[in-house]
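First comes the structure, then the notes that go with it.
The values are calculated or read from the model by the stated rules, or taken from the named source; none is laboratory data. Because the structure is a prediction, the values reported are computed rather than measured. All Cβ positions, glycine included, derive from the backbone under ideal geometry; neighbour counts span all protein chains shown. Side chains included, ligands, DNA and RNA excluded: accessible areas come from the protein's heavy atoms. Shrake-Rupley method; radii C 1.70, N 1.55, O 1.52, S 1.80 Å.
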Amino acid sequence: MTADLSVLEALHSTPARRYLSTEPITDDVIREILDAAIRGPSAGNGQFWAWIVVRDPETKKRIAGWYRKGWERHYGSRREQILNAPEGGPMSKASFLAADHLANHLEEAPVWVFPVLLGAAKSTNPRLGSSIYGAVQQLILAARAHGLGATLTTLHIGHEEEVRELLGLPEDALTMALIPLGYPAKGRWSQPKRRPLDEVVHFEKFQTA
């Protein structure tokens, strides 16, 4: 069963969900979510993408180990600094703890999805993600409609070549994210906290004051 949500309600109530249960997700649900994802935009409607669904425990175990190395390098090694920082910093205590939980339980999420761009491995285009991230957001919103939590993660990319080989991807392909999916085990559907609109929106020109 899917939730009866308006588009705006879904947009305002789909935070990253990092506490995920091990409850299985049926193939039919995954197919519906991915069918919604591929309706998303791609450059020139080229759709030079592939979507890799991963359930295999051994594959997840290996990639999760590489992911944890990325987590430790970028965030885990600064655990005390982040947790003891004043409120209002770049990462809240709650966000850190949720991300830390995900890093340490990543392989327990029943399904992972890797959005992949074909022919992108050698690209230096900083806007490359525009060809797939709109579709990724549609995947996350479709998951929300099915009561599934998701988050866009990239901490595996320090081992991109190994991940590519493990997933059997072409040499010119690039994983653009790792999206763990699962029914939420903790937390709630709520509006993500953001800076006030007037602080980030500018009309006609960027305003410095």
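Bridging of LYS122 to aspartates and glutamates at a Cα separation below 18 Å is possible for GLU160, GLU161, GLU162, GLU165, GLU171, ASP172, once same-chain residues fewer than 8 apart are set aside.
A simple spin-label model places the labels of ARG39 and ALA3 1.8 nm from each other, with each point 7 Å out along Cα-to-Cβ. Of the residues ASN45, ALA185, ILE63, the one whose Cα sits farthest towards the positive end of the charge dipole of the chain is ALA185 (charges of +1 on Lys and Arg Cβ, -1 on Asp and Glu Cβ, taken about the Cα centre).
At a 1.4 Å probe, what is the % contribution of carbon and sulfur to the accessible area of the stretch 86-142? Intermediate results must be reported in sequence, preceding the final value.
On the way: 1490 of 2750 Å².
After summing per-atom areas, the C and S share lands at 54 percent.
Residue separation of GLN47 and ASN125 scaled by 0.36 nm, minus their Cα-Cα distance, works out to 26.4 nm of gained length. Only alpha carbons enter this Debye calculation for the stretch 1-117, each as an equal point scatterer, and the log10 of I(q)/I(0) it gives at q = 0.14 Å⁻¹ is -0.84.
How high is the FRET efficiency from THR59 to ASP198, r the C-beta distance, R0 41 Å, rounded to 0.05? Write down the numbers at each step before the final one.
Details: r = 46 Å, r/R0 = 1.12.
In this case the efficiency is close to 0.35.
Placing a label point 7 Å from the Cα of LEU167 along the Cα-to-Cβ direction, the residues of the stretch 127-150 whose backbone N falls under 16 Å of that point are 129-137, 139-140.
Please give the per residue accessible area of the stretch 51-209, computed with a probe of 1.4 Å over protein heavy atoms only, in Å². Let's see the in-between values first.
Working: 9330 Å² over 159 residues.
Per-residue value: 59 Å².
Farthest towards the positive end of the charge dipole of the stretch 64-141, among the residues GLY76, GLY119, ILE140, is the Cα of GLY119, using unit charges on the Cβ of Lys, Arg, Asp and Glu. Each Lys and Arg Cβ is given +1 and each Asp and Glu Cβ -1; about its Cα centre, the stretch 7-46 then shows a dipole of about 240 debye. Gain on full extension, evaluated as 0.36 nm per residue between LEU83 and PHE206 minus their Cα-Cα distance, stands at 40.9 nm.
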